[in-house]
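Colleague: Structure provided below as structure tokens; questions to follow.
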Amino acid sequence: MGKNIIETYSAEDTKSLAEKLATILKPGDVLTLEGDLGAGKTTFTKGIATGLGINRTLSSPTFTIVKEYEGTIPLYHMDVYRLEGSDEDIGFDEYFHGDGIAVVEWAQFIEDYLPPERLNISIKYLDEESRVIEFEPVGEHFQKVVKAIIG
Ligand SMILES: Nc1ncnc2c1ncn2[C@@H]1O[C@H](COP(=O)(O)OP(=O)(O)OP(=O)(O)O)[C@@H](O)[C@H]1O
Ligand SMILES: [Mg+2]
């Protein structure tokens with residue numbers, strides 16, 4: 001299997017890719033987002049929110065760690081940047097085995113708490129408006145999901 005890579009050329013591009021992805025996700029799904037500051041993790045999550053029919057403005061949860069949104073499926077937007085180097089469990093099980101979709105920015109900082117089956121997404125800065133987005137599906141469900149969005 002080749003690499004599951006897509007390039008986007010604007011924030012809108014990234015949002016519509018995420019929106020398309022959101023429509024085929026299921027309750028309990030976990031998405032991890034890795035990428036430098038300003039890569040586009042929150043932008044991607046905004047697209048997920050739109051795809052789940054969430055109209056509320058999604059803001060960066062940096063100071064709250066988790067924000068919940070009501071959609072066709074609930075969205076748990078997590079930014080665990082502040083948990084780097086700590087092993088604090090903020091009740092991850094409820095988010096990762098709940099009725100909603102969990103999207104985790106800086107997921108590498110809570111590696112030990114992540115469920116094995118998940119969709120790992122990495123976003124790399126190419127230039128001002130361009131990004132390389134790579135999908136690494138773990139498990140059969142996410143392999144199908146990735147196939148459906150990038151063929
Ligand atoms: N192709 C693109 N995809 C995503 N974002 C883009 C793209 N081109 C430009 N941008 C801009 O890059 C910025 C990405 O910011 P964003 O808050 O999404 O990053 P982040 O990865 O969540 O950062 P942080 O680590 O601080 O949480 C936004 O201002 C967005 O408009
Ligand atoms: Mg962010």
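The values are calculated or read from the model by the stated rules, or taken from the named source; none is laboratory data. Treat the numbers as computed from the prediction; the structure is a model and nothing was measured. Here Cβ is always computed from backbone atoms with ideal geometry, including for glycine, and neighbour counts include all displayed protein chains. Each accessible area value is taken on the protein alone, full model and side chains, heavy atoms only, with ligands, DNA and RNA left out. Shrake-Rupley method; radii C 1.70, N 1.55, O 1.52, S 1.80 Å.
Colleague: Tally the residues that are within 12 Å of ligand 1 (Cβ to nearest atom), over 13 Å from the mean Cα position of the chain (by Cα) and surrounded by 20 or more Cβ atoms within 10 Å (Cβ to Cβ), restricting the search to the stretch 26-57.
Modeller: Going through the stretch 26-57 one residue at a time, the tally reaches 0.
Colleague: Taking only the stretch 53-70 into account, find how many residues are away from ligand 2 (no atom under 16 Å from the Cβ) and either of a type in the set (D, E, K, R) or farther than 18 Å from K41 by Cβ (or both).
Modeller: Residues flagged as away from ligand 2 (no atom under 16 Å from the Cβ) and either of a type in the set (D, E, K, R) or farther than 18 Å from K41 by Cβ (or both) within the stretch 53-70 amount to 5.
Colleague: Report, by residue number, each residue of the stretch 38-70 that is at pLDDT 95 or above and part of a loop (DSSP other than H, G, I, E, B).
Modeller: Passing the criteria: G38, A39, G40, L52, G53, I54, E70.
Colleague: Name the pairs whose Cβ atoms lie under 8 Å apart, with the first residue in the stretch 97-108 and more than 14 Å from D29 (Cβ to Cβ), the second surrounded by 15 or more Cβ atoms within 10 Å (Cβ to Cβ) and polar (S, T, N, Q), and 6 or more positions between them or separate chains?
Modeller: E105/T42; E105/T45; Q108/T32
Residue-wise test of (1) in contact with a Lys or Arg (Cβ under 7 Å, 6 or more places away or on another chain); (2) on the phi < 0 side of the Ramachandran plot; (3) in contact (Cβ under 8 Å) with a residue 12 or more places away in the chain.
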{"position": "K3", "(1), (2), (3)": "no, yes, yes"}
{"position": "G28", "(1), (2), (3)": "no, no, yes"}
{"position": "G35", "(1), (2), (3)": "yes, no, yes"}
{"position": "G38", "(1), (2), (3)": "no, no, yes"}
{"position": "L52", "(1), (2), (3)": "no, yes, yes"}
{"position": "S60", "(1), (2), (3)": "no, yes, yes"}
{"position": "K67", "(1), (2), (3)": "no, yes, no"}
{"position": "E84", "(1), (2), (3)": "no, yes, yes"}
{"position": "I90", "(1), (2), (3)": "no, yes, yes"}
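Colleague: Next question. Restricting the stretch 5-25 to residues that are touching a residue at least 40 places away in the same chain (Cβ under 8 Å) and among the charged types (D, E, K, R), which is surrounded by the most Cβ atoms within 10 Å (Cβ to Cβ)?
Modeller: Out of the qualifying residues, it is K20.
Colleague: Now, a different point. Got a sec? Which of I90, I133, I73, I121 is open to solvent by less than 30 Å² (accessible area, probe 1.4 Å), β-branched (V, I, T) and away from ligand 2 (no atom under 15 Å from the Cβ)?
Modeller: Among I90, I133, I73, I121, only I73 is open to solvent by less than 30 Å² (accessible area, probe 1.4 Å), β-branched (V, I, T) and away from ligand 2 (no atom under 15 Å from the Cβ).
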